[in-house]
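Working notes for the structure below.
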Amino acid sequence: MTVIGQIEPIQARARAGIAAVATLDDLRDLEAELLGRRSALAGLKSAMASLSPEERREAGQALNAARTAIAALLGDRRAVLESAEMQRRLEAERLDLTEIPAGSRHGRAPERGHLHVVTQARDHLEDVFVGMGFTVAEGPEVETDWYNFEALNIPSWHPARGMFDTLYVELGEPESILLRTHTSPVQIRVMEGGEPPIFSIMPGRVYRRDTTDASHLPNFHQIEGLVVDRGISFADLAGTIDAFTEAYFGRGIHSRLRPSYFPFTEPSAELDITCVVCEGSGCPTCGRTGWLELGGCGMVHPNVFRAVGYDPEVWSGFAFGFGIDRLAMMRHNIDDIRELVSNDIRFLEQF
Ligand code: PHE
């Protein structure tokens, strides 16, 4: 048979073989078999040596054409097998992201956050006092010396100024503008803003030049209470505080008042509540006293009434103030105030 006559059967076999091959590995082997040095085409090429130049040219062209055609078939088959292989891999490695196991912490579903424990405490306090008939008022965090001190019966020479490590703002006269050291200046603003009767609470942020430790932050929260009307007595103060204590902490938690001093109240008292950890029997949290210190209170000083133009012969009232952060810590038995501002999600999500 002529060289050219042998090409067509080789090509036909190649076509059938290529179509039958099912894997890329087999295709690689077949490629070597069809186009490699020991292939039938290579054999024909060496057989060409015996041909005349004329025949050799013709046979050479036919061989090249066959080779090109077989290479093209191999290439097409490879593309088909590669895409099938890719499809198979994608299928095998597929991750089902359509469903996250319920309650999973490690899935990708965003977790729903919630209010900070101090904000929760503030909201709860507001609810309790609103339920007792109080309104909620707010004042600025940057205050003047007059609201934070003077109007509260703390003149500049007063030793009580030492009670407050004040942060001043560089504005106007030196030491005239400050970050409020307590929520008591809001008492003044509320009284200036209207006539008695007043039953208000005033929650908010306060600032002191304190060094941070387990029980101090330079920035914390207080809630102030102010009641002004005719004939308000110390008994109303004690009764209100006790009613609040039970409403907020629950049955079995009571309050007691100890004599103390604040320039803006007279008489003044320190306000304690039954230790919420041991319920009064004595434990390390309360120093085995059964009581926890919550804040201060007292009857509004006549000079405070005079500062806002109220007649102290007509009006009387009481005020109290305590730390919201401390309250939240007591309620949840948190022993380091810094946890509240560490922004550690593992801490915060517990409350
Ligand atoms: N303002 C006081 C403080 O920060 C607390 C207080 C408020 C005391 C109202 C008496 C009456 O320490």
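The values are calculated or read from the model by the stated rules, or taken from the named source; none is laboratory data. What you see is a predicted model, and the numbers here were worked out from it, not measured in a lab. Note that each Cβ is placed from the backbone with ideal geometry, even for glycine, and that neighbours are counted across all protein chains shown. The accessibility values were calculated without ligands, DNA or RNA, using every heavy atom of the protein model including side chains. Shrake-Rupley method; radii C 1.70, N 1.55, O 1.52, S 1.80 Å.
Summary table
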quantity: Residue match in the range 143-161 (condition: under 16 Å from Q222 (Cα atoms) and open to solvent by 70 Å² or more (accessible area, probe 1.4 Å)); calculated: no
quantity: Tally of residues being over 15 Å from D76 (Cβ atoms) and among the hydrophobic types (A, V, I, L, M, F, W, C) across the range 23-50; calculated: 8
quantity: Some residue of the range 236-249 being more than 11 Å from the ligand (Cβ to nearest atom), in contact (Cβ under 8 Å) with a residue 12 or more places away in the chain and charged (D, E, K, R); calculated: yes
quantity: Total residues in the range 130-166, condition within 28 Å of the chain's Cα centre (by Cα) and either assigned to a loop (DSSP other than H, G, I, E, B) or within 16 Å of the ligand (Cβ to nearest atom) (or both); calculated: 5
quantity: From L125, L74, residue being touching an Asp or Glu at 6+ places or on another chain (Cβ under 6 Å) and touching a residue at least 24 places away in the same chain (Cβ under 8 Å); calculated: L74
quantity: Pick from the range 172-201, criterion open to solvent by less than 40 Å² (accessible area, probe 1.4 Å), more than 10 Å from the ligand (Cβ to nearest atom) and in contact (Cβ under 8 Å) with a residue 60 or more places away in the chain, ranking: farthest from E313 (Cα to Cα); calculated: I201
quantity: Some residue of the range 210-219 being part of a strand (DSSP E or B), within 12 Å of the ligand (Cβ to nearest atom), farther than 25 Å from F305 by Cα and in contact with a Lys or Arg (Cβ under 8 Å, 6 or more places away or on another chain); calculated: no
quantity: Subset of the range 322-341 that is out of contact with any helix residue (DSSP H, G or I) (no Cβ under 6 Å at 6 or more places or on another chain) and within 15 Å of the ligand (Cβ to nearest atom) - its residue that is most open to solvent (accessible area, probe 1.4 Å); calculated: R326
quantity: Of residues in the range 1-44 being within 60 Å of the chain's Cα centre (by Cα) and in contact (Cβ under 8 Å) with a residue 60 or more places away in the chain, the one least open to solvent (accessible area, probe 1.4 Å); calculated: V21
quantity: Residue within the range 280-289 that is touching a helix residue (DSSP H, G or I) at 6+ places or on another chain (Cβ under 8 Å), of a type in the set (K, R) and either open to solvent by 30 Å² or more (accessible area, probe 1.4 Å) or within 16 Å of the ligand (Cβ to nearest atom) (or both) present; calculated: no
quantity: Test result for G139, closer than 30 Å to V186 by Cα, open to solvent by 40 Å² or more (accessible area, probe 1.4 Å) and among the small types (G, A, S); calculated: no
quantity: Hey, C278 modelled with pLDDT under 95 and farther than 20 Å from I324 by Cα or not; calculated: yes
quantity: Residues within the range 259-274 that are touching a helix residue (DSSP H, G or I) at 6+ places or on another chain (Cβ under 9 Å), among the polar types (S, T, N, Q) and near the ligand (Cβ under 10 Å from one of its atoms), tallied; calculated: 1
quantity: Candidate set: the range 224-243, residues that are hydrophobic (A, V, I, L, M, F, W, C) and either touching a strand residue (DSSP E or B) at 6+ places or on another chain (Cβ under 8 Å) or not assigned by TED's automatic domain parsing to the domain that holds A319 (or both); chosen: the one most open to solvent (accessible area, probe 1.4 Å); calculated: F234
quantity: F249 being under 31 Å from the mean Cα position of the chain (by Cα) and open to solvent by 20 Å² or more (accessible area, probe 1.4 Å); calculated: yes
quantity: Qualifying residue in the range 105-116 (condition: in a helix (DSSP H, G or I) and among the aliphatic types (A, V, I, L, M)); calculated: no
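Conditions tested, residue by residue: (1) of a type in the set (A, V, I, L, M); (2) at pLDDT 95 or above; (3) within 19 Å of M163 (Cα to Cα).
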residue: A269; (1), (2), (3): yes, yes, yes
residue: G296; (1), (2), (3): no, yes, yes
residue: W315; (1), (2), (3): no, yes, no
residue: M329; (1), (2), (3): yes, no, no
residue: D336; (1), (2), (3): no, no, no
